[in-house]
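Below is one structure, written out as structure tokens; the observations come after it.
No lab work stands behind these numbers, since they all come straight from the coordinates. Because the structure is predicted, anything quoted here is derived from the model rather than measured. All Cβ positions, glycine included, derive from the backbone under ideal geometry; neighbour counts span all protein chains shown.
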Amino acid sequence: MTSTATHTATDGLRARFGRALMPTYGTPAPPIALAAGQGCRIRDVDGRSYLDLIGGLSASSLGHGHPDLAAAIARQAGELVHTSNQFLHEREVELAERLRDLLGAPDARVYLCNSGTEATEAAVKLARRAQGRDRPVVVAAEGAFHGRTMGALPMAGVPAIREPFTPFGVDVRFVPFGDVAALAAAVRDDTAAVFLEPVQGEAGVVSPPEGYLRAAREACDAAGALLVLDEVQSGIGRTGRWFAHQAEGIVPDVMTLSKGLGGGMPIAACVGFGACAGILVPGTHGSTFGGNPVACAAALAVLSVIERDGLLDNATRVGAALAEGIRAVEHPLITGVRGRGLWLATTLAEPVSVKVCEAAARAGFLVNPVRPDAVRLAPPLILTAAEAAEFSAALPDILADAAG
Ligand SMILES: *Cc1c(COP(=O)(O)O)cnc(C)c1O
């Protein structure tokens, strides 16, 4: 490889990335090649240091290099990395029990898989299986994000696995997010399920009005539809509660989890409550790596550290301080801050979030341009008030840099 005086390790990695990886993500902008981290600090391959305020898109709940997480992963890796689902192992049972305890739902059952979209797939199949073909419609919200796979099932080569779920393709009826009347009108006797995020993440950390999930619960009960809550991004402490829907005191029929659950390790869960606990019977679904011992050990460590170190409270407290610090910055480019817990979006007067994120990175902060006019913060749940204050103190210069 040719090299010049100004050729950095980041440049080299970026060029190799462009040649070797599919252009799925373009070249990440700004190109930052991360090397190692400790707590909420992370450094790149050229030695620059950043305060990580996006936490691997809400997944790195314990930050980087967390000793308990690293030890749990190492210990499990030394004992047993993989079993497949032909065999039992204790970590998966422990994790399912733990999630059930946190939900206060002793009758719930957990299906473990590897990514958010897989948890959605499990929920879609569960709904189809529970409701049959007479209810072909799923109601979902405009702006919603539930994952990127379109369903591998139509290509499954075994009719016994494939046929119980035909016809393929989910017939979706969209409603504006947060509109109770529209939701009530859309949920009918043809509706298998309503899929909702308690707070829409990819839409830019958008909360519905208070009472929306309770209204959704009522609409589903009235029409015989299932309420599926996608807590892939909102769950595991992100909003200051274990699960965001707990703020409304309702119980869904199905709930999905992923991102923060593994602290960065790939793991996801689809939880069925009540009658939905027993729908995915043998032969209906599965995953080779689902419930992987190392991923489960990581998730167990994440849950116990959140509990031991009071990270739900920390998310509430430091999140409020962070929001307040940003609100106190008076700049014409900032129009507001929304979100809850350690999950915020700063809204902008102009669609320049990429520029703001680039300027933030130059100043040593990693944030995310979730929408053209919104910058997302989803830092590790261990963020301290002092670290939050660093960002608000730097924000005026970041905005000046972005505007210049
Ligand atoms: C990220 C996300 C998903 C998809 O998760 P992947 O692990 O990327 O497949 C699904 N739902 C929500 C709400 C998400 O934020």
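Tabulated results
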{"item": "Beta bridges per DSSP with both ends in the chain, % antiparallel, nearest 5", "result": "60 percent"}
{"item": "Top of 99, 80, 112 by mean-square fluctuation, Gaussian network on the chain, Cα under 10 Å", "result": "80"}
{"item": "Antiparallel DSSP beta bridges within the stretch 69-308, percent to nearest 5", "result": "35 percent"}
{"item": "Placed amide H near residue 35: partners under 5 Å, 5+ positions off or other chain", "result": "43, 44, 45"}
{"item": "Net charge over other residues, Cβ less than 15 angstrom from the Cβ of residue 402 (K, R count +1; D, E count -1)", "result": "-3"}
{"item": "Charge dipole of the stretch 69-308 about the Cα centre (unit charges at C-beta), most positive-ward option of 175, 76, 237", "result": "76"}
{"item": "Helix runs (DSSP H) in the chain reaching 15 Å along axis by Cα, Kyte-Doolittle at least -1.0", "result": "9-20, 67-79, 90-103, 116-131, 212-223, 293-308, 311-327, 385-403"}
{"item": "Whole-Å distance, taken between Cα centres, linking the stretch 6-20 and the stretch 275-338", "result": "32 Å"}
{"item": "Separation between Cα centres of the stretch 42-118 and the stretch 168-240, rounded to whole Å", "result": "26 Å"}
{"item": "Check: the chain dipole with +1 on Lys, Arg Cβ and -1 on Asp, Glu Cβ, in debye", "result": "640 debye"}
{"item": "Residue among 59, 352, 15 farthest towards the positive dipole end of the chain, charges placed on Cβ", "result": "15"}
